[in-house]
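Please read the structure below before turning to the comments.
The values are calculated or read from the model by the stated rules, or taken from the named source; none is laboratory data. Since the structure is predicted, the reported quantities are computational estimates derived from the model, not experimental observations. So basically every Cβ, Gly included, is an ideal-geometry build from the backbone, and we count neighbours across all protein chains shown. With ligands, DNA and RNA removed, areas are computed over all heavy atoms of the protein, side chains included. Shrake-Rupley method; radii C 1.70, N 1.55, O 1.52, S 1.80 Å.
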Amino acid sequence: MLVAPSILSADFLNLGSEVRLICEGGCDYVHIDVMDGHFVPNLTMGPVVVERVAKVASKPLDIHLMVEGASFFVDLFAPCKPEFISIHIEGEKHLHRLISQIRNHGIRPSVVLNPHTDESLLKYILTDIDMVLLMSVNPGFGGQKFIPNVLEKIRHLKELILTKNPNCLIEVDGGVSDKNIAALQEAGVDMVVAGSYIFGSSDYKNAIASLR
Ligand code: DX5
Ligand code: ZN
């Protein structure tokens with residue numbers, strides 16, 4: 001299981017040391033939640049902060065865009081050189097074009113689905129992406145409760161992926177902890193995001209290891 005701690009739950013007054021601690025603690029990616037106050041009712045960080053995070057992180061960045069007009073933000077965050085940029089399918093009129101825009105920056109494209117969004121919408125786009133991110137909470141805030149219906153969605157998505165693009169990863173984001181990690185793994189998840197579970201623990205290394 002790949003583990004991507006979400007720095008949304010980190011101590012922002014000590015962000016540099018928090019990022020170093022999770023990287024030294026053995027995480028695989030550093031998950032960055034970008035919120036614009038429109039797509040979700042919250043506002044987080046811009047490229048000035050993310051560029052600083054990229055400088056101290058010894059692991060690649062996994063940027064999750066929760067924004068309206070994602071095309072502008074893709075170009076804004078591309079200089080931070082993340083491994084992945086995830087964009088929400090909801091309300092995106094030209095998903096294929098946006099995916100090509102991400103790929104043209106040399107970044108791996110990923111598509112995010114909110115809890116209510118049907119995974120079958122990905123049928124004709126799966127061959128073009130490297131990852132699907134399934135939200136297991138409503139995006140906007142850390143520390144929310146895991147929505148168990150996502151387990152069924154993971155199983156259906158896994159079947160679709162096996163027929164269309166077996167190399168495509170499944171990532172799950174929201175309410176992930178040691179309580180549901182076994183069920184997620186069994187359903188077919190490759191990577192989890194965890195914010196409050198990791199940053200709320202007294203030992204990040206142990207918390208990361210418990211998910212792996
Ligand atoms: C929610 C974010 C998540 C969040 C996860 O909108 O996308 O990445 O930080 O936090 P936890 O693990 O606390 O649910
Ligand atoms: Zn996220």
>> Given the criterion more than 17 Å from residue 133 (Cβ to Cβ), out of contact with any Phe, Trp or Tyr (no Cβ under 6 Å at 6 or more places or on another chain) and not β-branched (Val, Ile, Thr), identify the matching residue among 35, 45.
In response: 45
> Any residue at all in region 43-64 that is touching a His at 6+ places or on another chain (Cβ under 7 Å), hydrophobic (A, V, I, L, M, F, W, C) and either surrounded by fewer than 22 Cβ atoms within 10 Å (Cβ to Cβ) or modelled with pLDDT of 95 or more (or both)?
Replying inline: no
>> Conditions first: (1) in a helix (DSSP H, G or I); (2) closer than 16 Å to residue 66 by Cα. Residue 209 passes all but one, so which condition is the exception?
In response: (2)
> In region 154-205, what count of residues is obtained for those that are in contact (Cβ under 8 Å) with a residue 24 or more places away in the chain, more than 16 Å from ligand 2 (Cβ to nearest atom) and part of a helix (DSSP H, G or I)?
Replying inline: 14
> Quick check, is residue 63 part of a strand (DSSP E or B), within 24 Å of residue 191 (Cα to Cα), within 15 Å of ligand 1 (Cβ to nearest atom) and of a type in the set (A, V, I, L, M, F, W, C)?
Replying inline: yes
>> Quick check on my filter: what residues within region 68-112 are crowded, with 21+ Cβ neighbours inside 10 Å and either more than 16 Å from residue 44 (Cβ to Cβ) or among the aliphatic types (A, V, I, L, M) (or both)?
In response: 70, 74, 84, 85, 87, 99, 102, 107, 109, 110, 111, 112
> Can you name the condition, by its number, that residue 13 falls short on among (1) under 16 Å from the mean Cα position of the chain (by Cα); (2) without any contact (Cβ under 8 Å) to a residue 24 or more places away in the chain?
Replying inline: (1)
>> Could you check region 29-46 and list, in sequence order, the residues that are more than 11 Å from ligand 1 (Cβ to nearest atom), over 17 Å from residue 196 (Cα atoms) and in a loop (DSSP other than H, G, I, E, B)?
In response: 37, 38, 45, 46
> In this structure, does residue 141 turn out to be touching a residue at least 60 places away in the same chain (Cβ under 8 Å), within 26 Å of residue 20 (Cα to Cα) and either among the aromatic types (Phe, Trp, Tyr) or open to solvent by 80 Å² or more (accessible area, probe 1.4 Å) (or both)?
Replying inline: yes
> Can you name every residue in region 27-51 that is out of contact with any strand residue (DSSP E or B) (no Cβ under 8 Å at 6 or more places or on another chain) and of a type outside the set (Val, Ile, Thr)?
Replying inline: 38, 41, 47, 51
> Out of all the residues in region 144-178, which are within 8 Å of ligand 1 (Cβ to nearest atom) and open to solvent by 60 Å² or more (accessible area, probe 1.4 Å)?
Replying inline: 144
